[in-house]
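Below: the structure, in structure tokens.
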Amino acid sequence: MRHIPPLSLTDLQGNPIGPSELSGRVVMVEFWATWCPPCRSTLAWLGELKKRYGERVVILALAVQSEEEDVRKVAETLGAPLRWAMGTPEAVQSLGDVSALPTLLVFDGQGRGAGAFYGATPRLHDDVEAKVKSLLEHAK
């Protein structure tokens with residue numbers, strides 16, 4: 001993934017997610033499914049990451065292979081301050097290969113691909129946080 005593609009998504013609250021919300025910020029796109037237990041712990045952790053870094057990061061939680069009603073229940077249960085949306089086939093395809101869940105893609109403030117993390121490995125949180133810190137430091 002070289003650059004974040006122009007996305008045309010609507011979050012679960014009916015708000016559009018477009019280039020203006022993503023520009024100039026580190027963007028993380030988390031692909032997950034309601035049937036994936038490791039996804040839930042990763043989503044909860046991403047919520048904590050969002051709280052730490054605030055408006056400097058945008059975290060899109062794109063649900064795949066899931067029903068919207070179930071996605072809404074998980075989002076409400078976790079209460080994480082993420083941009084929750086249904087991962088449309090077009091959005092998923094435009095972002096690249098999603099062969100494992102969870103899959104986390106990271107983009108820098110200019111929309112360039114900065115990392116891809118597949119599955120819920122033991123070092124996932126440390127590796128992603130190190131990448132985000134590095135990107136934010138270089139953005140200053």
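Structure values in brief
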item	result
Highest to lowest packing among 22-31, 112-121, scored as the average C-beta count within 10 Å	22-31, 112-121
Residues in region 33-65 reached by a label modelled at ALA100 [backbone nitrogen below 14 Å; 7 Å Cα→Cβ]	38-39
Charge context of ARG123, other residues only, Cβ under 13 angstrom, K/R +1, D/E -1	-2
Long-range amide H partners of LEU9 with built H, under 5 Å	ILE17
Dipole magnitude of the chain about its Cα centre (Cβ charges: Lys, Arg +1; Asp, Glu -1), debye to nearest 20	500
Options VAL128, SER8, ALA100, ranked by Cα towards positive dipole end of the chain, top entry (Cβ charges)	VAL128
Loop GluC sites (Glu not before Pro), region 57-140 (other Cβ atoms within 10 Å of the site Cβ: 16 or fewer; DSSP)	GLU67
Selected from PRO102, PRO19, PRO122 as most flexible by GNM, with the chain as the system and alpha-carbon contacts under 10 Å	PRO122
Estimated FRET transfer efficiency (ASP126, HIS3; beta-carbon r; R0 25 Å; 0.05)	0.45
Structure-based [θ]222 nm, the chain - -39500 (n - 2.57) summed over DSSP H runs of at least 4, per residue, nearest 500	-12000 deg cm²/dmol
Contour excess over end-to-end distance, with Cα ends at LEU136 and GLU68 and 0.36 nm allotted per residue	21.2 nm
Region 26-139 - percent relative contact order, Cα under 8 Å, separation 6 or more	33
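Here, each number is a calculation from the coordinates, and none is a lab measurement. Just so it is clear, the structure is predicted and the values come from calculations on it, not from any experiment. Glycine also receives a Cβ, built like all others from the backbone with ideal geometry; neighbour counts cover every protein chain displayed.
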